[in-house]
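S.K.: Below you'll find the structure I mean.
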Amino acid sequence: MGIRSTMAALAATAVTLTAAPAALAAQAGITDEVTMTLGKDGTLHVVEKISGASGALKRTFVTRTRYDDGNDRLYQISNVKGGTLAGDVLTVTGQTVEYDVKGAVTTTGGAEELRWFAVNGWNQPVAKATVKVAGPGQVQNLSCFAGELSSAIGCTSASMDHSASQADFEQENIAAGQALTVVVGYPKGTSNGKPILEKRFSLAAAFTLDGVTGGALAALLLLLLGGLGLLYWTRGRDARIAGHESGAVDPVQNGHFSPPDGVRPGQIGTLVDEQADVVDVTATIVDLAVRGFLRIDEQPRQTYDAPDWMLVKLMNAPVNTLLPYERALYEAIFDGRDAVLLSQLSGSFAAHLGKVRDALYADVVRQGWFARRPDTERTRWTTIGVILIGVGLLATVGLAWFTTYGLLGLALVIAGGALSVGGQYMPAKTAKGSAALAHTMGFRQYLFSGELGEVPEQQRVELFSRYLPYAVIFDGVEHWSRVVASVTGNGGRTDNLYWYHGPAEWDLSKFAGSMRTFTTTTSGAISASRQFRSL
(Lines give C-alpha, C1' and ligand atoms only; values in the text may rest on other atoms or scores of the structure.)
Protein backbone atom coordinates (compact mmCIF):
# COMPACT_ATOMS: atom_id res chain seq x y z
CA MET A 1 0.00 0.00 0.00
CA GLY A 2 2.86 2.42 0.79
CA ILE A 3 4.56 1.85 -2.55
CA ARG A 4 1.31 2.46 -4.47
CA SER A 5 0.65 5.71 -2.60
CA THR A 6 4.13 6.98 -3.31
CA MET A 7 3.81 6.19 -7.01
CA ALA A 8 0.42 8.01 -7.22
CA ALA A 9 1.88 11.12 -5.58
CA LEU A 10 4.79 11.15 -8.01
CA ALA A 11 2.41 10.80 -10.96
CA ALA A 12 0.30 13.70 -9.74
CA THR A 13 3.38 15.84 -9.30
CA ALA A 14 4.49 15.01 -12.84
CA VAL A 15 1.09 16.05 -14.23
CA THR A 16 1.20 19.33 -12.29
CA LEU A 17 4.70 20.17 -13.48
CA THR A 18 3.68 19.37 -17.06
CA ALA A 19 0.55 21.58 -16.91
CA ALA A 20 2.28 24.59 -15.27
CA PRO A 21 4.11 25.89 -18.39
CA ALA A 22 0.90 25.66 -20.42
CA ALA A 23 -1.03 27.70 -17.81
CA LEU A 24 1.72 30.32 -17.64
CA ALA A 25 1.73 30.56 -21.41
CA ALA A 26 -2.06 31.11 -21.43
CA GLN A 27 -1.76 33.89 -18.90
CA ALA A 28 1.18 35.59 -20.69
CA GLY A 29 -1.08 37.20 -23.35
CA ILE A 30 -1.20 37.54 -27.11
CA THR A 31 1.56 38.09 -29.63
CA ASP A 32 0.98 41.01 -32.01
CA GLU A 33 3.08 41.39 -35.16
CA VAL A 34 2.29 44.77 -36.73
CA THR A 35 3.34 45.94 -40.19
CA MET A 36 2.59 49.57 -41.10
CA THR A 37 3.05 51.16 -44.52
CA LEU A 38 2.69 54.92 -45.04
CA GLY A 39 1.39 55.86 -48.49
CA LYS A 40 2.12 59.01 -50.48
CA ASP A 41 -1.41 60.31 -49.77
CA GLY A 42 -0.76 60.22 -46.02
CA THR A 43 -2.85 57.08 -45.45
CA LEU A 44 -1.33 54.53 -43.11
CA HIS A 45 -2.09 50.89 -43.97
CA VAL A 46 -1.79 48.51 -41.01
CA VAL A 47 -1.62 44.69 -40.95
CA GLU A 48 -1.63 42.85 -37.60
CA LYS A 49 -0.98 39.13 -37.14
CA ILE A 50 -2.32 38.02 -33.80
CA SER A 51 -1.76 34.74 -31.99
CA GLY A 52 -2.27 33.33 -28.51
CA ALA A 53 -5.64 34.91 -27.83
CA SER A 54 -7.97 33.30 -25.26
CA GLY A 55 -11.65 34.03 -25.68
CA ALA A 56 -13.19 36.97 -27.52
CA LEU A 57 -10.55 39.47 -28.59
CA LYS A 58 -11.44 43.16 -28.82
CA ARG A 59 -9.51 46.37 -29.28
CA THR A 60 -10.57 49.94 -28.53
CA PHE A 61 -8.85 52.35 -30.92
CA VAL A 62 -7.73 55.84 -29.96
CA THR A 63 -9.57 58.02 -32.44
CA ARG A 64 -9.31 61.44 -30.73
CA THR A 65 -6.49 63.22 -28.88
CA ARG A 66 -5.90 66.78 -27.79
CA TYR A 67 -4.00 68.76 -30.44
CA ASP A 68 -3.85 72.28 -28.98
CA ASP A 69 -5.92 74.64 -26.81
CA GLY A 70 -8.68 74.92 -29.39
CA ASN A 71 -8.62 71.69 -31.41
CA ASP A 72 -8.77 67.91 -31.11
CA ARG A 73 -6.89 65.62 -33.45
CA LEU A 74 -8.94 62.86 -35.08
CA TYR A 75 -7.78 59.50 -36.43
CA GLN A 76 -10.13 57.93 -38.97
CA ILE A 77 -10.21 54.12 -39.20
CA SER A 78 -11.51 52.55 -42.42
CA ASN A 79 -11.32 49.50 -44.73
CA VAL A 80 -11.27 47.03 -41.82
CA LYS A 81 -10.65 43.37 -42.65
CA GLY A 82 -10.49 40.41 -40.28
CA GLY A 83 -12.84 41.99 -37.80
CA THR A 84 -15.86 44.24 -37.32
CA LEU A 85 -15.61 47.88 -36.23
CA ALA A 86 -18.42 49.41 -34.19
CA GLY A 87 -17.60 53.00 -33.32
CA ASP A 88 -14.02 52.77 -32.10
CA VAL A 89 -14.24 49.12 -30.89
CA LEU A 90 -12.79 46.40 -33.12
CA THR A 91 -13.96 42.81 -32.60
CA VAL A 92 -11.39 40.42 -34.10
CA THR A 93 -12.78 37.52 -36.14
CA GLY A 94 -9.59 36.11 -37.70
CA GLN A 95 -5.86 35.70 -37.16
CA THR A 96 -4.98 38.73 -39.30
CA VAL A 97 -6.51 42.22 -39.11
CA GLU A 98 -6.08 45.00 -41.69
CA TYR A 99 -7.23 48.61 -41.64
CA ASP A 100 -6.32 52.09 -42.89
CA VAL A 101 -5.68 55.16 -40.75
CA LYS A 102 -6.01 58.76 -41.89
CA GLY A 103 -4.78 61.71 -39.85
CA ALA A 104 -1.67 60.01 -38.40
CA VAL A 105 0.78 62.39 -40.14
CA THR A 106 1.52 65.98 -39.21
CA THR A 107 4.14 68.52 -40.26
CA THR A 108 6.45 69.81 -37.55
CA GLY A 109 9.16 72.24 -38.52
CA GLY A 110 10.91 70.95 -41.62
CA ALA A 111 9.78 67.33 -41.26
CA GLU A 112 6.77 65.06 -41.34
CA GLU A 113 5.93 63.02 -38.26
CA LEU A 114 4.01 59.76 -38.32
CA ARG A 115 2.49 58.99 -34.93
CA TRP A 116 0.25 56.02 -34.33
CA PHE A 117 -0.80 53.85 -31.41
CA ALA A 118 0.37 50.67 -33.09
CA VAL A 119 -0.71 48.49 -30.17
CA ASN A 120 -3.34 49.79 -27.80
CA GLY A 121 -6.68 49.10 -26.15
CA TRP A 122 -6.62 45.29 -26.28
CA ASN A 123 -8.88 43.58 -23.77
CA GLN A 124 -6.10 41.03 -23.15
CA PRO A 125 -2.45 41.61 -22.22
CA VAL A 126 0.13 41.55 -25.02
CA ALA A 127 3.09 39.32 -24.21
CA LYS A 128 5.13 40.58 -27.12
CA ALA A 129 4.57 43.19 -29.82
CA THR A 130 6.74 43.91 -32.85
CA VAL A 131 6.13 46.82 -35.21
CA LYS A 132 7.67 47.37 -38.64
CA VAL A 133 7.11 50.75 -40.34
CA ALA A 134 7.86 51.48 -44.00
CA GLY A 135 7.25 54.74 -45.84
CA PRO A 136 7.82 56.54 -49.14
CA GLY A 137 10.98 58.24 -47.82
CA GLN A 138 13.97 57.69 -45.59
CA VAL A 139 13.57 57.63 -41.86
CA GLN A 140 15.09 60.70 -40.23
CA ASN A 141 14.33 59.93 -36.61
CA LEU A 142 12.23 57.58 -34.53
CA SER A 143 10.98 57.06 -30.99
CA CYS A 144 8.46 54.95 -29.11
CA PHE A 145 6.59 54.98 -25.81
CA ALA A 146 5.03 52.15 -23.82
CA GLY A 147 2.43 52.08 -21.07
CA GLU A 148 -0.42 54.54 -20.67
CA LEU A 149 -1.20 56.84 -23.58
CA SER A 150 0.50 59.74 -21.83
CA SER A 151 3.56 57.68 -20.90
CA ALA A 152 7.04 59.05 -21.64
CA ILE A 153 8.73 55.68 -20.99
CA GLY A 154 10.54 54.31 -24.03
CA CYS A 155 9.74 50.92 -25.51
CA THR A 156 12.00 47.85 -25.30
CA SER A 157 13.80 48.57 -28.57
CA ALA A 158 13.62 50.94 -31.55
CA SER A 159 15.88 50.81 -34.62
CA MET A 160 16.07 51.31 -38.37
CA ASP A 161 17.68 49.27 -41.10
CA HIS A 162 20.94 50.25 -42.81
CA SER A 163 19.10 52.00 -45.68
CA ALA A 164 16.84 53.97 -43.29
CA SER A 165 13.79 52.80 -45.22
CA GLN A 166 12.25 50.79 -42.36
CA ALA A 167 11.86 51.36 -38.63
CA ASP A 168 11.52 48.47 -36.19
CA PHE A 169 10.05 48.57 -32.67
CA GLU A 170 9.57 45.94 -30.00
CA GLN A 171 7.86 45.84 -26.62
CA GLU A 172 7.07 43.05 -24.16
CA ASN A 173 4.42 42.73 -21.48
CA ILE A 174 1.88 45.38 -22.45
CA ALA A 175 -1.00 45.26 -19.99
CA ALA A 176 -4.61 45.17 -21.18
CA GLY A 177 -5.72 48.66 -22.19
CA GLN A 178 -2.16 50.03 -22.43
CA ALA A 179 -0.40 51.15 -25.61
CA LEU A 180 2.76 51.06 -27.69
CA THR A 181 3.02 54.38 -29.50
CA VAL A 182 5.49 54.69 -32.38
CA VAL A 183 6.77 57.96 -33.86
CA VAL A 184 8.69 58.06 -37.15
CA GLY A 185 10.08 61.22 -38.79
CA TYR A 186 10.34 61.70 -42.57
CA PRO A 187 11.47 64.60 -44.76
CA LYS A 188 8.86 67.26 -45.33
CA GLY A 189 6.62 66.49 -48.30
CA THR A 190 7.25 62.75 -48.14
CA SER A 191 3.57 61.85 -47.93
CA ASN A 192 1.82 65.22 -47.86
CA GLY A 193 -0.26 63.88 -44.99
CA LYS A 194 -2.08 66.31 -42.72
CA PRO A 195 -3.71 65.96 -39.29
CA ILE A 196 -7.49 65.94 -39.13
CA LEU A 197 -8.50 68.64 -36.69
CA GLU A 198 -11.85 69.31 -35.08
CA LYS A 199 -12.50 72.50 -33.15
CA ARG A 200 -13.10 71.82 -29.49
CA PHE A 201 -16.14 73.54 -28.01
CA SER A 202 -15.56 76.09 -25.27
CA LEU A 203 -17.70 78.98 -24.08
CA ALA A 204 -14.81 81.39 -24.35
CA ALA A 205 -14.20 80.47 -27.98
CA ALA A 206 -17.89 80.19 -28.88
CA PHE A 207 -18.57 83.73 -27.67
CA THR A 208 -15.39 85.35 -28.88
CA LEU A 209 -15.57 89.14 -28.72
CA ASP A 210 -13.32 90.78 -31.28
CA GLY A 211 -13.59 93.45 -33.91
CA VAL A 212 -15.61 91.24 -36.25
CA THR A 213 -18.05 89.75 -33.74
CA GLY A 214 -18.37 92.99 -31.77
CA GLY A 215 -19.05 95.04 -34.90
CA ALA A 216 -21.49 92.48 -36.26
CA LEU A 217 -23.30 92.31 -32.92
CA ALA A 218 -23.57 96.10 -32.68
CA ALA A 219 -24.84 96.34 -36.27
CA LEU A 220 -27.38 93.56 -35.77
CA LEU A 221 -28.62 95.04 -32.50
CA LEU A 222 -28.94 98.46 -34.12
CA LEU A 223 -30.88 96.96 -37.01
CA LEU A 224 -33.20 94.87 -34.83
CA LEU A 225 -33.83 97.41 -32.08
CA GLY A 226 -34.14 100.18 -34.65
CA GLY A 227 -36.74 98.08 -36.41
CA LEU A 228 -38.62 97.61 -33.15
CA GLY A 229 -38.51 101.35 -32.53
CA LEU A 230 -39.86 101.99 -36.03
CA LEU A 231 -42.54 99.38 -35.44
CA TYR A 232 -43.65 101.12 -32.25
CA TRP A 233 -43.54 104.53 -33.95
CA THR A 234 -45.79 103.36 -36.77
CA ARG A 235 -48.03 100.82 -34.98
CA GLY A 236 -47.88 101.31 -31.21
CA ARG A 237 -48.00 105.08 -30.86
CA ASP A 238 -51.27 106.78 -30.02
CA ALA A 239 -52.70 108.94 -32.79
CA ARG A 240 -51.96 112.63 -32.34
CA ILE A 241 -54.73 115.02 -31.47
CA ALA A 242 -55.05 118.76 -31.65
CA GLY A 243 -53.84 120.68 -28.62
CA HIS A 244 -57.27 122.11 -27.85
CA GLU A 245 -58.56 118.61 -27.03
CA SER A 246 -56.73 118.63 -23.69
CA GLY A 247 -57.18 120.79 -20.63
CA ALA A 248 -59.51 121.01 -17.66
CA VAL A 249 -63.21 120.19 -18.10
CA ASP A 250 -66.33 120.84 -16.05
CA PRO A 251 -68.45 117.69 -15.67
CA VAL A 252 -71.36 119.56 -14.08
CA GLN A 253 -74.08 120.55 -16.51
CA ASN A 254 -77.17 122.30 -15.15
CA GLY A 255 -76.35 121.05 -11.66
CA HIS A 256 -76.19 117.41 -12.78
CA PHE A 257 -73.21 115.14 -13.32
CA SER A 258 -72.19 114.65 -16.94
CA PRO A 259 -68.85 112.84 -17.40
CA PRO A 260 -66.74 113.93 -20.39
CA ASP A 261 -67.83 112.12 -23.54
CA GLY A 262 -70.27 110.11 -21.39
CA VAL A 263 -67.41 107.81 -20.41
CA ARG A 264 -68.06 105.47 -17.48
CA PRO A 265 -65.49 104.43 -14.85
CA GLY A 266 -64.74 100.97 -16.25
CA GLN A 267 -64.27 102.44 -19.71
CA ILE A 268 -61.93 105.13 -18.36
CA GLY A 269 -59.82 102.56 -16.54
CA THR A 270 -59.40 100.44 -19.67
CA LEU A 271 -58.74 103.52 -21.80
CA VAL A 272 -56.07 104.94 -19.49
CA ASP A 273 -53.89 101.86 -18.91
CA GLU A 274 -55.16 99.71 -21.81
CA GLN A 275 -55.91 96.94 -19.30
CA ALA A 276 -59.23 95.52 -18.13
CA ASP A 277 -58.20 94.96 -14.51
CA VAL A 278 -59.52 94.68 -10.96
CA VAL A 279 -59.70 98.44 -10.42
CA ASP A 280 -62.02 98.81 -13.41
CA VAL A 281 -64.37 96.15 -12.04
CA THR A 282 -64.28 97.57 -8.51
CA ALA A 283 -65.07 101.07 -9.80
CA THR A 284 -67.92 99.67 -11.90
CA ILE A 285 -69.49 97.98 -8.85
CA VAL A 286 -69.40 101.30 -6.97
CA ASP A 287 -70.79 103.05 -10.06
CA LEU A 288 -73.70 100.57 -10.31
CA ALA A 289 -74.52 101.33 -6.69
CA VAL A 290 -74.33 105.10 -7.13
CA ARG A 291 -76.54 104.91 -10.23
CA GLY A 292 -79.22 102.90 -8.41
CA PHE A 293 -78.76 99.34 -9.68
CA LEU A 294 -77.63 97.86 -6.36
CA ARG A 295 -77.03 98.90 -2.76
CA ILE A 296 -73.97 98.24 -0.63
CA ASP A 297 -74.79 97.30 2.99
CA GLU A 298 -71.85 97.20 5.39
CA GLN A 299 -72.27 94.28 7.78
CA PRO A 300 -71.88 94.61 11.56
CA ARG A 301 -68.80 92.94 12.96
CA GLN A 302 -66.93 92.32 16.18
CA THR A 303 -63.48 93.70 16.88
CA TYR A 304 -61.54 90.89 15.21
CA ASP A 305 -64.04 89.98 12.49
CA ALA A 306 -63.13 90.53 8.86
CA PRO A 307 -65.19 93.32 7.26
CA ASP A 308 -67.95 92.24 4.89
CA TRP A 309 -70.63 93.84 2.75
CA MET A 310 -73.94 92.70 1.35
CA LEU A 311 -74.59 93.60 -2.28
CA VAL A 312 -78.35 94.01 -2.65
CA LYS A 313 -80.16 94.02 -5.98
CA LEU A 314 -82.53 96.98 -6.34
CA MET A 315 -85.80 96.04 -7.92
CA ASN A 316 -87.20 98.01 -10.84
CA ALA A 317 -83.72 99.20 -11.81
CA PRO A 318 -83.48 99.73 -15.60
CA VAL A 319 -81.07 96.85 -16.17
CA ASN A 320 -81.68 96.96 -19.93
CA THR A 321 -79.90 100.35 -20.07
CA LEU A 322 -76.61 98.88 -18.87
CA LEU A 323 -73.71 98.58 -21.25
CA PRO A 324 -72.76 95.00 -22.17
CA TYR A 325 -69.80 94.86 -19.76
CA GLU A 326 -71.93 96.34 -16.95
CA ARG A 327 -74.70 93.84 -17.63
CA ALA A 328 -72.16 90.98 -17.59
CA LEU A 329 -70.82 92.16 -14.21
CA TYR A 330 -74.34 92.68 -12.79
CA GLU A 331 -75.31 89.12 -13.74
CA ALA A 332 -72.02 87.74 -12.40
CA ILE A 333 -72.67 89.34 -9.01
CA PHE A 334 -76.23 88.20 -8.49
CA ASP A 335 -76.55 85.12 -10.74
CA GLY A 336 -80.23 84.56 -9.97
CA ARG A 337 -80.10 85.82 -6.34
CA ASP A 338 -81.31 89.09 -4.84
CA ALA A 339 -78.38 89.63 -2.45
CA VAL A 340 -74.92 88.24 -1.87
CA LEU A 341 -72.14 88.82 0.63
CA LEU A 342 -68.92 90.13 -0.86
CA SER A 343 -67.05 87.32 0.93
CA GLN A 344 -69.21 84.80 -0.95
CA LEU A 345 -68.42 86.11 -4.42
CA SER A 346 -66.86 82.97 -5.77
CA GLY A 347 -67.85 80.03 -7.92
CA SER A 348 -70.08 81.35 -10.67
CA PHE A 349 -68.80 84.91 -10.12
CA ALA A 350 -65.25 83.90 -11.00
CA ALA A 351 -66.52 81.96 -14.01
CA HIS A 352 -68.36 85.04 -15.33
CA LEU A 353 -65.49 87.48 -14.88
CA GLY A 354 -63.93 86.35 -18.14
CA LYS A 355 -67.07 87.62 -19.91
CA VAL A 356 -66.75 90.97 -18.11
CA ARG A 357 -63.16 91.35 -19.23
CA ASP A 358 -63.99 90.42 -22.83
CA ALA A 359 -66.95 92.82 -22.84
CA LEU A 360 -64.74 95.66 -21.56
CA TYR A 361 -62.18 95.12 -24.31
CA ALA A 362 -64.92 94.83 -26.92
CA ASP A 363 -66.48 98.05 -25.59
CA VAL A 364 -63.36 100.19 -26.05
CA VAL A 365 -63.09 98.93 -29.65
CA ARG A 366 -66.79 99.61 -30.23
CA GLN A 367 -66.29 103.14 -28.90
CA GLY A 368 -63.66 103.63 -31.61
CA TRP A 369 -60.86 104.26 -29.09
CA PHE A 370 -58.76 101.31 -30.31
CA ALA A 371 -58.58 99.74 -33.75
CA ARG A 372 -58.01 96.30 -32.18
CA ARG A 373 -58.53 94.81 -28.74
CA PRO A 374 -55.60 95.87 -26.52
CA ASP A 375 -55.23 92.40 -24.98
CA THR A 376 -55.13 90.74 -28.41
CA GLU A 377 -52.57 93.26 -29.62
CA ARG A 378 -50.34 92.69 -26.58
CA THR A 379 -50.62 88.93 -26.89
CA ARG A 380 -49.72 88.97 -30.57
CA TRP A 381 -46.56 91.02 -30.21
CA THR A 382 -45.51 89.30 -27.00
CA THR A 383 -45.93 85.91 -28.68
CA ILE A 384 -43.81 87.05 -31.62
CA GLY A 385 -41.20 88.22 -29.12
CA VAL A 386 -41.17 84.85 -27.34
CA ILE A 387 -40.82 83.06 -30.68
CA LEU A 388 -37.93 85.38 -31.57
CA ILE A 389 -36.29 84.55 -28.23
CA GLY A 390 -36.63 80.84 -29.05
CA VAL A 391 -35.14 81.33 -32.52
CA GLY A 392 -32.36 83.39 -30.95
CA LEU A 393 -31.57 80.67 -28.43
CA LEU A 394 -31.42 78.03 -31.16
CA ALA A 395 -29.26 80.32 -33.28
CA THR A 396 -26.99 81.00 -30.31
CA VAL A 397 -26.54 77.30 -29.61
CA GLY A 398 -25.90 76.52 -33.28
CA LEU A 399 -23.48 79.39 -33.83
CA ALA A 400 -21.67 78.71 -30.55
CA TRP A 401 -21.32 75.00 -31.31
CA PHE A 402 -20.10 75.28 -34.89
CA THR A 403 -18.50 78.75 -35.00
CA THR A 404 -17.16 81.53 -32.80
CA TYR A 405 -20.12 83.81 -33.57
CA GLY A 406 -22.38 82.80 -30.69
CA LEU A 407 -22.76 86.46 -29.71
CA LEU A 408 -24.75 87.14 -32.88
CA GLY A 409 -27.50 84.77 -31.72
CA LEU A 410 -27.76 86.77 -28.52
CA ALA A 411 -28.81 89.78 -30.59
CA LEU A 412 -31.98 87.90 -31.57
CA VAL A 413 -32.58 86.95 -27.93
CA ILE A 414 -32.22 90.60 -26.87
CA ALA A 415 -34.51 91.77 -29.67
CA GLY A 416 -37.08 89.10 -28.76
CA GLY A 417 -36.94 90.16 -25.12
CA ALA A 418 -37.38 93.79 -26.11
CA LEU A 419 -40.37 92.88 -28.28
CA SER A 420 -41.91 90.75 -25.51
CA VAL A 421 -41.66 93.66 -23.08
CA GLY A 422 -42.50 96.26 -25.68
CA GLY A 423 -45.54 94.26 -26.73
CA GLN A 424 -47.23 95.54 -23.58
CA TYR A 425 -47.08 99.03 -25.11
CA MET A 426 -48.19 98.11 -28.62
CA PRO A 427 -51.95 98.79 -28.22
CA ALA A 428 -52.42 102.19 -29.84
CA LYS A 429 -55.33 104.54 -29.35
CA THR A 430 -57.06 106.06 -32.34
CA ALA A 431 -57.48 109.81 -32.69
CA LYS A 432 -60.88 109.43 -31.04
CA GLY A 433 -59.38 107.42 -28.21
CA SER A 434 -56.59 109.97 -27.72
CA ALA A 435 -59.17 112.75 -27.55
CA ALA A 436 -61.20 110.80 -25.00
CA LEU A 437 -58.03 110.26 -22.96
CA ALA A 438 -57.25 113.97 -23.07
CA HIS A 439 -60.77 114.74 -21.79
CA THR A 440 -60.32 112.07 -19.12
CA MET A 441 -57.08 113.63 -17.90
CA GLY A 442 -58.83 116.99 -17.82
CA PHE A 443 -61.57 115.42 -15.69
CA ARG A 444 -58.96 113.97 -13.36
CA GLN A 445 -57.39 117.40 -13.00
CA TYR A 446 -60.80 118.82 -12.16
CA LEU A 447 -61.47 116.15 -9.54
CA PHE A 448 -58.28 116.88 -7.66
CA SER A 449 -58.22 120.63 -8.15
CA GLY A 450 -60.39 121.27 -5.08
CA GLU A 451 -62.44 123.84 -7.05
CA LEU A 452 -65.84 122.24 -7.23
CA GLY A 453 -67.83 125.39 -7.78
CA GLU A 454 -71.20 126.23 -6.32
CA VAL A 455 -73.27 123.07 -5.97
CA PRO A 456 -76.74 123.32 -4.43
CA GLU A 457 -76.99 121.58 -1.04
CA GLN A 458 -79.72 119.20 -2.20
CA GLN A 459 -77.59 118.01 -5.16
CA ARG A 460 -74.27 117.51 -3.39
CA VAL A 461 -74.76 113.95 -2.16
CA GLU A 462 -75.78 112.66 -5.57
CA LEU A 463 -73.20 114.72 -7.48
CA PHE A 464 -70.24 113.91 -5.24
CA SER A 465 -71.29 110.25 -5.08
CA ARG A 466 -71.20 110.14 -8.88
CA TYR A 467 -67.61 111.36 -8.73
CA LEU A 468 -66.56 108.56 -6.39
CA PRO A 469 -66.33 105.64 -8.91
CA TYR A 470 -64.06 107.80 -11.06
CA ALA A 471 -61.97 108.57 -7.98
CA VAL A 472 -61.52 104.80 -7.57
CA ILE A 473 -60.01 104.68 -11.06
CA PHE A 474 -57.75 107.65 -10.34
CA ASP A 475 -56.66 106.30 -6.94
CA GLY A 476 -58.45 109.08 -5.09
CA VAL A 477 -60.87 107.08 -2.93
CA GLU A 478 -59.63 108.59 0.32
CA HIS A 479 -60.05 112.17 -0.88
CA TRP A 480 -63.49 111.77 -2.40
CA SER A 481 -64.84 109.63 0.40
CA ARG A 482 -64.08 112.51 2.76
CA VAL A 483 -65.75 114.94 0.38
CA VAL A 484 -68.88 112.79 0.32
CA ALA A 485 -68.79 112.44 4.12
CA SER A 486 -68.67 116.20 4.58
CA VAL A 487 -71.64 117.20 2.49
CA THR A 488 -74.11 117.20 5.42
CA GLY A 489 -72.07 119.26 7.85
CA ASN A 490 -68.43 118.37 8.39
CA GLY A 491 -68.90 114.69 9.08
CA GLY A 492 -71.64 114.98 11.71
CA ARG A 493 -73.91 112.05 12.57
CA THR A 494 -76.38 111.41 9.76
CA ASP A 495 -78.38 108.66 8.16
CA ASN A 496 -77.00 106.37 5.47
CA LEU A 497 -76.36 107.39 1.89
CA TYR A 498 -78.97 106.37 -0.60
CA TRP A 499 -76.57 103.78 -2.08
CA TYR A 500 -74.45 102.83 0.95
CA HIS A 501 -75.86 101.65 4.30
CA GLY A 502 -73.79 101.12 7.43
CA PRO A 503 -74.54 98.99 10.50
CA ALA A 504 -76.01 100.32 13.74
CA GLU A 505 -73.98 103.04 15.44
CA TRP A 506 -72.46 103.88 12.05
CA ASP A 507 -72.57 107.39 10.66
CA LEU A 508 -71.21 109.20 7.66
CA SER A 509 -68.05 110.25 9.47
CA LYS A 510 -66.88 106.65 9.12
CA PHE A 511 -67.63 106.50 5.40
CA ALA A 512 -64.10 107.32 4.20
CA GLY A 513 -62.59 104.38 6.15
CA SER A 514 -65.43 102.07 5.13
CA MET A 515 -65.09 102.96 1.46
CA ARG A 516 -61.33 102.54 1.47
CA THR A 517 -61.67 99.08 3.02
CA PHE A 518 -64.50 98.13 0.66
CA THR A 519 -62.55 98.93 -2.49
CA THR A 520 -59.47 97.11 -1.20
CA THR A 521 -61.48 94.03 -0.20
CA THR A 522 -63.42 93.99 -3.47
CA SER A 523 -60.22 94.21 -5.53
CA GLY A 524 -58.77 91.34 -3.50
CA ALA A 525 -61.85 89.20 -4.09
CA ILE A 526 -61.66 89.82 -7.84
CA SER A 527 -57.91 89.17 -7.96
CA ALA A 528 -58.42 85.85 -6.17
CA SER A 529 -60.48 84.68 -9.13
CA ARG A 530 -57.34 84.85 -11.34
CA GLN A 531 -59.41 86.29 -14.16
CA PHE A 532 -57.99 89.80 -13.84
CA ARG A 533 -54.56 91.30 -13.40
CA SER A 534 -54.07 92.70 -9.94
CA LEU A 535 -52.52 96.13 -9.73
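The values are calculated or read from the model by the stated rules, or taken from the named source; none is laboratory data. Please read these numbers as outputs of a predicted model, since none were measured by experiment. For neighbour counting, all protein chains shown are included, and Cβ atoms are generated from backbone atoms with ideal geometry for every residue, glycine included. These accessible areas exclude ligands, DNA and RNA; they are computed on the full protein's heavy atoms, side chains included. Shrake-Rupley method; radii C 1.70, N 1.55, O 1.52, S 1.80 Å.
S.K.: Over region 118-240, with a single point scatterer placed on each C-alpha, what log10 of the ratio I(q)/I(0) does the Debye formula yield at q = 0.10, 0.13, 0.14, 0.16 1/Å?
M.R.: With one equal scatterer per Cα and no solvent, log10 I(q)/I(0) is -0.57, -0.73, -0.79, -0.90.
S.K.: With a 1.4 Å probe and all protein chains left in place, how much accessible area per residue does region 284-351 have, in Å²?
M.R.: Each residue of region 284-351 exposes 47 Å² on average to a 1.4 Å probe.
S.K.: Also, quick follow-up: Could you tell me which of the pairs Lys58/Lys188; Lys58/Lys102; Lys313/Lys429; Lys313/Lys510; Lys49/Lys194; Lys432/Lys510 are separated by over 32 angstrom between their Cα atoms in the structure shown?
M.R.: Lys58/Lys188; Lys313/Lys429; Lys432/Lys510
S.K.: With a sphere of radius 10 Å drawn around the Cβ of Arg59, what net charge do the other residues whose Cβ falls strictly inside it have (Lys, Arg +1; Asp, Glu -1)?
M.R.: Neighbourhood net charge equals -2.
S.K.: Now for a separate question. In region 248-407, carbon and sulfur make up what percent of the accessible area (probe 1.4 Å)?
M.R.: 56 percent
S.K.: To continue, here is another question. Taking 7 Å along the Cα-to-C-beta vector as the label spot, tell me the Asp161-Tyr304 distance in nanometres, rounded to one decimal.
M.R.: In this crude label model, Asp161 to Tyr304 measures out at 10.6 nm.
S.K.: Report ³J(HN,Hα) in whole Hz for each residue of region 332-339, in order, from the Karplus equation J = 6.51 cos²θ - 1.76 cosθ + 1.60 where θ = phi - 60°; Gly and Pro get x.
M.R.: Once θ is set to phi - 60°, the couplings for region 332-339 become 5, 5, 8, 6, x, 10, 8, 7 Hz.
S.K.: Mind giving me the nanometre distance, one decimal, between the label points for Val397 and Arg372, set 7 Å out from Cα along Cα→Cβ?
M.R.: With each label placed 7 Å out from Cα toward Cβ, I get 3.0 nm.
S.K.: Residue-wise, which Karplus ³J(HN,Hα) couplings in Hz belong to region 352-368, taking 6.51 cos²θ - 1.76 cosθ + 1.60, θ = phi - 60°, and x for glycine or proline?
M.R.: Residue by residue, region 352-368 yields 8, 5, x, 5, 4, 4, 4, 5, 5, 5, 5, 5, 5, 6, 4, 6, x Hz.
S.K.: OK, next. Could I have the simple spin-label model distance between Ala134 and His501, label points 7 Å from Cα toward Cβ, reported in nm to one decimal?
M.R.: 11.6 nm
S.K.: Right, another one. Find the accessible area per residue for region 35-141; the probe is 1.4 Å, ligands and nucleic acids are left out, and the unit is Å².
M.R.: 44 Å²
S.K.: Can you pull the percent of Cα pairs in region 289-393 with separation above 17 Å?
M.R.: 66 percent
S.K.: For an R0 of 22 angstrom, estimate the FRET efficiency from the Cβ-Cβ distance between Asp273 and Leu231 and round to the nearest 0.05.
M.R.: Given R0 = 22 Å and the Cβ-Cβ separation, E is 0.55.
S.K.: Calculate, in nm to one decimal, what Gln95 and Ser449 gain on full extension: separation in residues at 0.36 nm each, minus their alpha carbon distance.
M.R.: Length gained, Gln95 through Ser449: 117.0 nm.
S.K.: If r is the Cβ-Cβ distance from Lys432 to Asp358 and R0 is 22 Å, what FRET efficiency results, to the nearest 0.05?
M.R.: After rounding, the FRET efficiency stands at 0.55.
S.K.: 5 Å is the cut-off here: which amide hydrogens, built 1.01 Å from N in the peptide plane, fall below it relative to Asn71, excluding neighbours closer than 5 in sequence?
M.R.: Sorted by chain and number, the residues that satisfy this are Arg200.
S.K.: Separate question: Over region 143-185, with the other protein chains present, what is the accessible area per residue in square angstrom, probe 1.4 angstrom?
M.R.: With all protein chains present, region 143-185 gives 47 Å² per residue.
S.K.: Which order do the peptides 516-526, 81-91, 432-442 come out in when sorted by mean C-beta neighbours inside 10 angstrom, highest first?
M.R.: 432-442, 516-526, 81-91
S.K.: When the chain is fully extended, how far beyond the present Cα-Cα distance does Asn316 get from Arg64, taking 0.36 nm per residue of separation?
M.R.: Difference between extended and current length: 81.9 nm.
S.K.: Given a 1.4 angstrom probe, I'd like the percentage of the accessible area of region 84-207 that is carbon and sulfur, rounded to a whole number.
M.R.: Using a 1.4 Å probe with all protein chains present, region 84-207 comes out at 52 percent carbon and sulfur.
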